[in-house]
Amino acid sequence: MRPISVTLVVSSPWKRDLRPDDGDLRSARALAERLGGPYSVIVPSGGAEPGFTDLGSVHLYRVPGRSRPAFLRAARRAVDHGLPRSSDILLSSDPLAAVAVELSRTRARTPHIVQIQGDVLDPGPAYGGVVKRAGLALVSRAAVRRATAVRAVRQGIKRRAEQWTRSPVACIPSRVDTRFFAPPAVPGPRPIHTAMVGNLLPVKNHATVLRAWPHVLGRVPGARLVVLGEGPERPRLQRLINDLGIEDHVELRGSVPRDEVVHTFRQTRLAVHPSWSEGLPRAVLEAMSCGLPVLCSDIPAHQEIIRPETGALLAPGVVREWAEGIVSFLADPERAWSAGAAGQRYVAEHHDFDVMIDMFADFIRDIAMRPRTGR
């Protein structure tokens, strides 16, 4: 098979100091290996210096873009005049990136796969005010209509995308390295009662679990909650922790390397994910892959991956319900173990990294090899 070269546009910065095990980099390298061609990635520079970084089979091009219009201009220029000049296919990871691709001249002769990884076709209140949500829906639907093909991360998004385009739409779910995210080889003590992983943003709804924690402590004295992730909500959440008087039992640990995420999961009895909205949360799947039972908000993204035998779905904002759910698992280790084992099997069967990468590479190759008729 002939090599397929790819240019991916992403509107969120990649980490300044990339580790070999970084999830984005590892996925890009795995796709480059399967497709056999260079894999170029255009991202906003964020805290890093703009410019080119050669990462072997992955060519990272950081463009200046302190605002959305600035990123659109810089990303479009990079697609047309930057390092990736002869790609067989263009990918975009989100609606803003899709706009940058569609505005490029290169798009007229190159197929474009739009990735829909959240409820952006029908954004709810978690995405902001009415005007912002209307704009996001308009842009997202236009991107899907104009795309050569669409990748959706879950079936509900796939069905919705199919209503806006006649182009191919594939459901290729989030992927997990099940060999890395795995239970400990030798069972040991689990001093962390509950872990929550996610950027500190309003949509992640950390506050509900924090407000539930005094109730948990009333039933499970000394219960520890560890939160992994960083973001603008940290000051507000820290104030809430102090106001609730639970600072001795809750740790906002910040952003940590993925090996520390695994280490934390292996010391934890239960994972919680109370988000108001999600695409298909990898953090939940990674916790399940490590053998943890999971409590998640009752939203479409979680409904596709959580079953009664692996955990439970709870109303996102009902504090008492979250307190009772957490206590019920902490008080029943046998039930927790059974749910964790079932979750681990589910992820291995449906979200294994290599299987999902193979599926995505086959989809990219299929779209790239089709006759090009322009848009």
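The values are calculated or read from the model by the stated rules, or taken from the named source; none is laboratory data. If you're wondering where the values come from, they're calculated on a predicted model, not measured in any experiment. For neighbour counting, all protein chains shown are included, and Cβ atoms are generated from backbone atoms with ideal geometry for every residue, glycine included.
Key figures for this structure:
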| read-out | value |
| --- | --- |
| Residues of segment 46-82 classified as polar (S, T, N, Q) and either touching a residue at least 40 places away in the same chain (Cβ under 8 Å) or over 22 Å from E102 (Cβ atoms) (or both), total | 2 |
| Sole residue being over 17 Å from the mean Cα position of the chain (by Cα), modelled with pLDDT of 95 or more and surrounded by fewer than 23 Cβ atoms within 10 Å (Cβ to Cβ), chosen from R105, R109, R159 | R159 |
| Residue match in segment 39-52 (condition: surrounded by 22 or more Cβ atoms within 10 Å (Cβ to Cβ), within 30 Å of A137 (Cα to Cα), of a type in the set (A, V, I, L, M) and out of contact with any Phe, Trp or Tyr (no Cβ under 6 Å at 6 or more places or on another chain)) | yes |
| Within segment 252-275, tally of residues that are over 22 Å from G291 (Cβ atoms) and in contact with a strand residue (DSSP E or B) (Cβ under 7 Å, 6 or more places away or on another chain) | 2 |
| Condition met for V203 (of a type in the set (A, V, I, L, M), out of contact with any Cys (no Cβ under 8 Å at 6 or more places or on another chain) and in the same structural domain as D358 (by TED's automatic domain parsing)) | no |
| Segment 54-65 - residue that is within 24 Å of the chain's Cα centre (by Cα) and outside any loop (DSSP other than H, G, I, E, B) and, of those, farthest from P3 (Cα to Cα) | V63 |
| Condition met for E260 (farther than 19 Å from P221 by Cα, among the acidic types (D, E) and surrounded by 16 or more Cβ atoms within 10 Å (Cβ to Cβ)) | no |
| Hits in segment 208-256 (condition: of a type in the set (G, A, S), crowded, with 17+ Cβ neighbours inside 10 Å and in a helix (DSSP H, G or I)) | A212 |
| Only listed residue being touching an Asp or Glu at 6+ places or on another chain (Cβ under 7 Å), among the aliphatic types (A, V, I, L, M), closer than 20 Å to R151 by Cβ and buried (at least 18 other Cβ atoms within 10 Å of the Cβ), chosen from A301, A339 | A301 |
| Unmet requirement for L270, which otherwise passes all of (1) crowded, with 22+ Cβ neighbours inside 10 Å; (2) within 22 Å of the chain's Cα centre (by Cα); (3) farther than 23 Å from A185 by Cα | (3) |
| In segment 83-94, the residues that are touching a residue at least 60 places away in the same chain (Cβ under 8 Å) and either part of a helix (DSSP H, G or I) or farther than 13 Å from L8 by Cβ (or both) | S86 |
| First in segment 258-277 and not assigned by TED's automatic domain parsing to the domain that holds T208, second anywhere and assigned to a strand (DSSP E or B), Cβ under 7 Å, 6 or more apart | none |
| Condition met for V355 (of a type in the set (A, V, I, L, M), in a helix (DSSP H, G or I) and under 21 Å from E304 (Cα atoms)) | yes |
| All positions within segment 143-156 that are surrounded by fewer than 16 Cβ atoms within 10 Å (Cβ to Cβ) and either within 19 Å of A301 (Cα to Cα) or in contact with a helix residue (DSSP H, G or I) (Cβ under 9 Å, 6 or more places away or on another chain) (or both) | Q155 |
